[in-house]
Amino acid sequence: MVKLRGAAVLAAAALALSACGSSSGSGAPSPSGTQPRVLKLWHYESAESAMGKAWAEAIKKFEASHPNVTVKFEEKGFEQIQKTASMVLNSDEAPDIMEYNKGNATAGLLSKQGLLTDLSEEATKRGWDKLLPGGLQTTAKYDDRGVMGTGKWFGVPNYGEFVMVYYNKDLFAKHKVEVPTTFEQFTAALDTFVKAGMTPIANAGAEYPAQQIVYQLALSKAQKPWLDAFQSYKGKVDFHGPEFTYGADTFADWVKKGYLDKKSSGLKAEDMGVAFMKGEFPIVISGSWWYGRFASEIKNFEWGHFLFPGATMSPGSSGNIWVVPEKSENKDLAYDFIDVTMSKDIQNLLGNSGGVPVAADPAAITDAKSKELIESFNKLTAADGLAFYPDWPAPGYYDVLVAGVQNLINGSKTSAQVLDEIAKPYEDNLADIGN
């Protein structure tokens, strides 16, 4: 796996990206013509998130430079797109451009099914390949098997992301808890909150957060060869080996110790995030996609973040990607919109709104909180610590992991039983792609 270096994330976008349209191959009129046109755009970023703010501004900038084009934006839920993308993109309801989850099980699967446009020519012509050097291209490219890292460009990422530990500084101070630097200090802090009658960690078992905690715990016992085997099929993965066993056992133990609420199995990510923003939990372990929203909405307490103690790797990657469905009727406009999101103005806005831009001017990032976020991302990537996400390796794996982790929270199945259940679809996928 090519290394993703933090320096690339804040590389100055010295290259001026072309704003001219290219032929979509659909027979649609030129953007410079007089015929009114509509660009149908879907994404699932909340309005108060860094990405939501940046994409809203990108729409304004795009329409200003394309006076005969109206952007028809439809906000979709992450889960909604996750579950219906193959069906929708194979119908006449497909948008012209869409934000989609990166990885083998999602963008890789759609590329293999022929549902996504090959962006390789545009990536070279418009300079996206220069703005996204090295490992930033990992989630943009997929081979004929739908495996990320090599092959054709089927998407364009324009931000970075990673999972961290957010904490309520006021609650830490009230209970005399220091920011932990080791795993032992971290669990001692969790014990302190439990003794004070608090559940320390906000959680959501019905969506991605809980499975990312299990994966983070597994990563604390993992080395790069294990990661390459799991994510890139460069070796055999033992689901009952020390990594996954530790992750599942420790997670189940955290529930028993009261670090995680047993009632969280049915909660969604939004429930978790809102509870933390209300000050109901001292900690939430989740991604940088919350950062801008926390900065905007948390008014009643001070908060901060730190990397997961005792681990050199954390879930993370370049961000979700813009994809152009093969059935898009306005591919030239879709390419132009991607250009706008990669422009320095939008990237700088993203960076100052709590996001991790890939093509910003470092000197333009002036927000103190945003600087803290980017410093943590650079620290993690300098150690080659981005470990992607646990649901990436196999189609449908996301739902498998949700069900497995819910069983750990409920105590309805043992760790060994859950690991058996998540091993099978992984092995089936290996057989399907010829590994």
Sort 123-129, 223-229, 188-194 for me by packing, meaning the mean count of neighbouring Cβ atoms within 10 Å per residue, highest on top. 123-129, 188-194, 223-229
Estimated FRET transfer efficiency when R0 is 45 angstrom, pair L430-S120 (beta carbons, to 0.05): 0.95
Percent of accessible area on segment 244-307 owned by carbon and sulfur, 1.4 Å probe? 48
Separation between Cα centres of segment 109-125 and segment 366-435, rounded to whole Å: 25
Quick one: go through segment 285-329 and flag any residue whose amide nitrogen is under 20 Å from the point 7 Å out along the Cα-to-Cβ line of A229. 312-315
Over segment 211-365, give the accessible area per residue in Å² for a 1.4 Å probe, as an integer. 33
Points 7 angstrom from Cα along the Cβ direction at A196 and N410: gap in nanometres? 3.3
Debye, to nearest 20: dipole size of the chain, +1 on Lys, Arg Cβ, -1 on Asp, Glu Cβ: 620
Quick one: 3J(HN,Hα) in Hz for segment 114-131, Karplus 6.51/-1.76/1.60 with θ = phi - 60°, rounded, Gly and Pro as x. x, 9, 10, 6, 6, 9, 4, 5, 5, 4, 6, 5, 9, x, 5, 5, 7, 6
Share, in percent, of DSSP beta bridges within the chain that are antiparallel, nearest 5: 65
The chain: relative contact order in percent, alpha carbon pairs under 8 Å with at least 6 residues between: 28
Long-range HN-HN contacts of L116 with modeled amide H, under 5 Å: E326
According to the square roots a ≥ b ≥ c of the eigenvalues of the Cα gyration tensor, what is the shape class of segment 114-162, taking rounded for a/c under 1.5, prolate for a/b larger than b/c otherwise, and oblate for the remainder? oblate
For segment 406-415, Karplus couplings with θ = phi - 60° (6.51, -1.76, 1.60), whole Hz, Gly/Pro x: 4, 5, 5, 5, 6, x, 7, 9, 6, 4
Kindly state, as a whole number, the per residue volume in cubic angstrom of the convex hull around the alpha carbon atoms of the chain. 125
From the square roots a ≥ b ≥ c of the eigenvalues of the alpha-carbon gyration tensor of segment 314-380, which class results: rounded (a/c under 1.5), prolate (a/b over b/c), or oblate? oblate
Could you list which residues have their amide H under 5 Å from that of V38, counting only those 5 or more apart in sequence or on another chain, with H placed in the peptide plane? T70
What is the distance in Å between the Cα centres of segment 223-254 and segment 136-181? 18
For Y259, other-chain or 5+-apart residues with amide H closer than 5 Å (H placed, Pro excluded) are none
So for the pair A423, K299, with labels modelled 7 Å out along Cα→Cβ, what separation do we get in nm? 5.2
Through the Karplus equation 6.51 cos²θ - 1.76 cosθ + 1.60, θ set to phi - 60°, convert the phi angles of segment 268-276 into ³J(HN,Hα) values in whole Hz; use x for Gly and Pro. 9, 4, 4, 4, 4, x, 5, 4, 5
Would you mind checking K102/K152; K83/K236; K141/K234 for any pair whose Cα atoms are more than 20 angstrom apart? K83/K236
Over the chain: helical MRE at 222 nm, DSSP H runs n ≥ 4 each giving -39500 (n - 2.57), nearest 500: -12500 deg cm²/dmol
How many nm separate the modelled label positions at K176 and D144, each set 7 Å beyond the Cα in the direction of the Cβ? 6.7
Sorted peptide list for 402-414, 284-296, criterion being average Cβ within 10 angstrom, highest first: 284-296, 402-414
Which residue, T138, T341, T199, tops the fluctuation ranking in a GNM of the chain built on C-alpha contacts under 10 Å? T199
What is the extension gain from K379 to K169, computed as 0.36 nm multiplied by their sequence separation minus the C-alpha to C-alpha distance, in nm to one decimal? 73.4 nm
Here the FRET efficiency for T312 versus N68, based on Cβ atoms and R0 = 56 Å and rounded to 0.05, is 0.60
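The values are calculated or read from the model by the stated rules, or taken from the named source; none is laboratory data. The model shown is predicted, which means the values in this text are computed figures rather than measured ones. Quick reminder, even Gly has a Cβ in these numbers, built from the backbone with ideal geometry, and neighbours come from all protein chains shown. Accessible surface is based on the protein model in full, side chains and every heavy atom, while ligands, DNA and RNA are left aside. Shrake-Rupley method; radii C 1.70, N 1.55, O 1.52, S 1.80 Å.
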